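Worksheet: one structure, shown below.
The values are calculated or read from the model by the stated rules, or taken from the named source; none is laboratory data. Just so it is clear, the model here is predicted, and its values are computed rather than measured. Note that each Cβ is placed from the backbone with ideal geometry, even for glycine, and that neighbours are counted across all protein chains shown. Accessible surface is based on the protein model in full, side chains and every heavy atom, while ligands, DNA and RNA are left aside. Shrake-Rupley method; radii C 1.70, N 1.55, O 1.52, S 1.80 Å.
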Amino acid sequence: MISAATRKRYAWILFDADGTLFDYDAAETAALTASFANIGRSFPPEYSNIYREINGRMWMDLERGTTTQARIRVERFEELFKAIGIDSDPVLFGDDYLTNLANRTELIDGAAKVVAALVKVSRLMLMTNGIAGVQRPRFAASSIRSHFADIVISEEVGAAKPDRRIFDTAFARMGNPPKSDVLIVGDSLTSDIKGGVDYGIDACWFNPSGLPPREGVDPTYEIRRIDQLLEIACRNLSNSIQP
């Protein structure tokens, strides 16, 4: 539980997208199932486990600056198909997968109500390391779009969280507010939280799975449910949302 003494009003709240507001696991599974069906294959759970290991590793490489999104789009499926013994074109499959993913707008439970409450006291911006061709249509079609002032996408900026350049872009679009007036909320310690802490802003780690902390990355706050964000950012609104 977050004490009343830690509650603060932030002029701006930067939200990560996938895994924080958008239910990426559900969207990913639905998109992959559809793409595998398009090549006449089923998508069993063991495929999902292999893909998530490959995909997670490659996105970590992106955070380190050792790969690009263009490479990830193809190489994750090259590696997956090799692992499961499927002969299919990874370029065509990757394009089909992104098309399917762009149509998925599932949100984390409670996210829509939390965003609707927060916009009454703060301005909101989305900041994502995702692919622009996926994130823009998903965001535009989502039920939370009208609550956000803008969306900052790493592919368009040329830098991914935790790189400070994407934070520079976000701050410029916000009108360069004092850093003490900005909070970042995200589920990734290595991109969202490290990026925010290194940039000098408060950071709230959304950690629904109760993952252990990582040495050298110290979030300002940690929450298990997205509605707990109201206890941090809203002095008078937290009672209006029930978990």
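Being out of contact with any Ser or Thr (no Cβ under 9 Å at 6 or more places or on another chain), closer than 25 Å to I144 by Cβ and not acidic (D, E) narrows it down to one of A30, A70, so name that one.
Checking each option against the conditions leaves just A30.
Among the helices (runs of 4 or more DSSP H) contained in segment 110-213, which hold 1 or more residues that are open to solvent by 10 Å² or more (accessible area, probe 1.4 Å) and basic (K, R)?
By residue number, 111-118, 132-141, 164-174, 194-199.
Are any residues in segment 155-166 touching a residue at least 40 places away in the same chain (Cβ under 8 Å) and under 19 Å from I193 (Cα atoms), and if so, which ones?
The initial filter retains those residues of segment 155-166 that are touching a residue at least 40 places away in the same chain (Cβ under 8 Å), namely 155, 160-163.
A160, K161, P162, D163 - these are the residues of segment 155-166 that are touching a residue at least 40 places away in the same chain (Cβ under 8 Å) and under 19 Å from I193 (Cα atoms).
Tell me whether segment 208-225 contains one or more residues that are of a type in the set (F, W, Y) and more than 29 Å from Y97 (Cα to Cα).
yes
Quick check on my filter: what residues within segment 70-86 are buried (at least 18 other Cβ atoms within 10 Å of the Cβ) and under 20 Å from the mean Cα position of the chain (by Cα)?
I72, R73, R76
Which one is least open to solvent (accessible area, probe 1.4 Å) among residues in segment 87-102 that are assigned to a helix (DSSP H, G or I) and acidic (D, E)?
Our first condition is that a residue be assigned to a helix (DSSP H, G or I); within segment 87-102, this holds for 90-102.
Right, trim to acidic (D, E) and you get 95-96.
Details: D95: 84, D96: 48 Å².
If we take residues in segment 87-102 being assigned to a helix (DSSP H, G or I) and acidic (D, E), then D96 is least open to solvent (accessible area, probe 1.4 Å).
Taking the options A26, A30, A83, A34, name whichever one is touching a residue at least 24 places away in the same chain (Cβ under 8 Å), within 18 Å of G130 (Cβ to Cβ), in contact with a helix residue (DSSP H, G or I) (Cβ under 8 Å, 6 or more places away or on another chain) and part of a helix (DSSP H, G or I).
A30
A quick yes/no check of all residues on (1) assigned to a helix (DSSP H, G or I); (2) among the small types (G, A, S):
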site: S42; (1), (2): no, yes
site: S48; (1), (2): yes, yes
site: R52; (1), (2): yes, no
site: T66; (1), (2): no, no
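Quick check, is T105 closer than 22 Å to L32 by Cβ, open to solvent by less than 10 Å² (accessible area, probe 1.4 Å) and of a type in the set (S, T, N, Q)?
no
Would you tally the residues in segment 35-63 being within 27 Å of A160 (Cβ to Cβ) and open to solvent by less than 40 Å² (accessible area, probe 1.4 Å)?
The qualifying residues number 8.
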